[in-house]
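Every number here is computed from the coordinates shown, using simple stated rules; none is lab data. Just so it is clear, the structure is predicted and the values come from calculations on it, not from any experiment. Every residue, glycine as well, gets a Cβ built from its backbone with ideal geometry; the counts of neighbours run over all protein chains shown.
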Amino acid sequence: MSYTFTPRYHEIDGQGVMFYMWYLGHVAEAVDAFFADRGLPHRDWPGLGFDVHAVHLDLDFTAGLRSRDVAEVLISTSRIGGKSFTLGFTFRRDGETVCSGDVVYAAVSTEGHGTIALPDVLVEALRG
């Protein structure tokens with residue numbers, strides 16, 4: 001699944017590239033689109049009794065996105081565990097990878113009971 005965007009004016013820093021924190025904002029948008037595309041939009045999760053928290057992030061940069069670049073974020077399931085899962089992401093510009101990484105998410109109860117086993121509906125969406 002991919003999510004496409006063009007960096008906005010306020011996301012570009014003094015060096016003329018997208019400031020690093022904005023990459024994570026676009027990962028969040030792409031992850032939201034990833035689950036919606038798989039029939040499990042995030043807005044439905046609280047009603048199903050769960051949500052997820054990002055517990056670990058890795059980012060590796062090979063180039064910077066500049067103003068007016070058309071960027072694509074690819075999201076894929078890297079790992080499905082008992083209480084957590086990992087999504088891989090890649091930012092591309094004209095087919096060139098400019099940033100890649102992983103986000104580890106832990107499933108939590110919306111009832112305030114801490115981490116929980118990954119719900120079956122979430123596992124199904126992750127498997128696509």
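Worth a mention:
- Rounded FRET efficiency, nearest 0.05, which uses the C-beta distance separating residue 123 from residue 59 and R0 of 30 Å: 0.70
- Backbone N under 16 Å from the residue 15 label point (7 Å along Cα→Cβ), restricted to segment 86-108: 98-100
- Each principal axis of the Cα atoms in segment 1-61 has its own extent, and those three values, largest first, are 44, 23, 19 angstrom.
- Coupling constants for segment 54-60 follow from the phi torsions by the Karplus curve (6.51 cos²θ - 1.76 cosθ + 1.60, θ = phi - 60°), and in residue order they are 6, 10, 7, 9, 10, 10, 10 Hz; glycine and proline get x.
- For segment 2-127, the relative contact order works out to 28 percent when only alpha carbon pairs closer than 8 Å and six or more residues apart are counted.
- Applying 0.36 nm per residue to the separation of residue 74 and residue 115 and subtracting their alpha-carbon distance, the gain on full extension is 12.0 nm.
- The residues neighbouring residue 64, those whose beta-carbon lies less than 12 Å from its own, together hold a net charge of -2 under the Lys/Arg +1, Asp/Glu -1 convention.
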